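The values are calculated or read from the model by the stated rules, or taken from the named source; none is laboratory data. Keep in mind that this is a model prediction, so the values were computed, not measured. When we count neighbours, we look across all protein chains shown, and the Cβ atoms used for this are built from the backbone with ideal geometry, even at glycine. Protein only, heavy atoms only, side chains kept; ligands, DNA and RNA dropped before computing areas. Shrake-Rupley method; radii C 1.70, N 1.55, O 1.52, S 1.80 Å.
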Amino acid sequence: MKLTPQQSLLHWYKTHGRHDLPWRTTDNPYHIYISEIMLQQTQVKTVLERFYFPFLERFPTLSELAESHQDDVLKMWEGLGYYTRAKNLHHAARQCGGNLPNNAHELMKLSGIGRSTAHAIAAFAYRESLPILDANVKRILHRYFALLKRDEKKLWEYAYTLFDSKHPFEYNQAMMDLGATVCLARKPLCAVCPLEATCQGKSEPLTYPEAKIKLQKPVRNRSIIIHKRDNRYALTQRTERFLHGLWGFFEAVEVANATPLGHITQHYSHFTLEADLYLSEESFDNERYEWFTLEEIKDLSLSCADHKAVALIKQTV
Ligand code: SF4
């Protein structure tokens, strides 16, 4: 008997799906929500090994997350990057008063929850019959329907075309797993793909979608002065949009009477930071800055670049 693409996918998922991931073996909407947000920009392995369980241990319920201080949330997010996700999580927890809505329509009204994330939470936690459209699914759809143009609206239409409305949980999980293990970005394994029989792009999968025009990332050159006084260092909590809420050292336009400490490079999604670091024990008065020992700095949430700066300080003491 010839299987439909949906049956074939379901069959494949039973045997090859990653059924033991902790967010798949729970019905707890809050746990599923946390996993969906963490997985938006981060690989499963990293989320699983370093962030998912400690975060849930620190904030066991959405109510506890809502009642917590944003600094604590950022601290638990430290190293995961894209900190707007953490701030949105915290804000969303407060928006809904610690009670996560039970449908995609309401979920989408919360900070940081777009259409695909809302569909994923609703499908996985409440079995709402909706398709998702994350990066993996987009790639599969582009290839499966041989779609060259990157058109989000069209992709949603195709997401519904292929969707298995009777098995929303399994279908969506299967698509995520297929994208992560078979329909790979650089080397799709068409020979073992359950959609191979009907895939329109299988002869030239790498053609779909058309390549993005790669723009060279700008480089920002900066000087960072680490002001020191009585074994304490001056840091400020950022108020600007970028890295908002994280603590950082003083960025200087001009450097005078300071000792070179070293150089750091940090790659961000939209630019590369090249920074020369200096240590200064000259008088420094700036009301935006507070003074911390190295031990106290451990409790602050810092960006990766500022962690590198701390590592350089440690080499000098
Ligand atoms: S047949 Fe190949 S290109 Fe098509 S969905 Fe499967 S892995 Fe991707």
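Structure summary
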quantity: Gln6 vs. criteria over 17 Å from Leu80 (Cβ atoms), open to solvent by 20 Å² or more (accessible area, probe 1.4 Å) and touching a helix residue (DSSP H, G or I) at 6+ places or on another chain (Cβ under 9 Å); calculated: yes
quantity: Every pair of residues 6+ apart whose Cβ atoms lie under 6 Å, when the first sits in region 268-288 and is outside any strand (DSSP E or B) while the second is open to solvent by 60 Å² or more (accessible area, probe 1.4 Å); calculated: Phe271/Lys217; Phe271/Pro218; Phe271/Arg220; Glu282/Asn257
quantity: Ala135, sole failed condition from (1) among the aliphatic types (A, V, I, L, M); (2) open to solvent by 60 Å² or more (accessible area, probe 1.4 Å); (3) touching a residue at least 60 places away in the same chain (Cβ under 8 Å); calculated: (3)
quantity: Hits in region 190-210 (condition: surrounded by fewer than 20 Cβ atoms within 10 Å (Cβ to Cβ) and within 6 Å of the ligand (Cβ to nearest atom)); calculated: Cys190, Glu196, Lys202
quantity: Region 138-161, residues that are open to solvent by 30 Å² or more (accessible area, probe 1.4 Å), within 14 Å of the ligand (Cβ to nearest atom) and among the charged types (D, E, K, R); calculated: Lys138, Arg139
quantity: Region 173-188 - residue that is within 22 Å of Glu210 (Cβ to Cβ) and open to solvent by 50 Å² or more (accessible area, probe 1.4 Å) and, of those, farthest from the ligand (Cβ to nearest atom); calculated: Arg186
quantity: Some residue of region 18-26 being in a helix (DSSP H, G or I) and either touching a residue at least 12 places away in the same chain (Cβ under 8 Å) or out of contact with any Pro (no Cβ under 6 Å at 6 or more places or on another chain) (or both); calculated: no
quantity: Total residues in region 73-97, condition open to solvent by 60 Å² or more (accessible area, probe 1.4 Å) and either in the same structural domain as Ser269 (by TED's automatic domain parsing) or under 27 Å from Gly248 (Cβ atoms) (or both); calculated: 4
quantity: Criterion violated by Leu294 - all others in (1) at pLDDT below 95; (2) exposed (fewer than 15 other Cβ atoms within 10 Å of the Cβ); (3) among the aliphatic types (A, V, I, L, M) satisfied; calculated: (1)
quantity: Test: Arg94 is in contact with a helix residue (DSSP H, G or I) (Cβ under 6 Å, 6 or more places away or on another chain), basic (Lys, Arg) and either modelled with pLDDT under 95 or at negative phi (or both); calculated: yes
quantity: Of residues in region 211-244 being among the polar types (S, T, N, Q) and over 26 Å from Lys87 (Cα atoms), the one farthest from the ligand (Cβ to nearest atom); calculated: Asn231
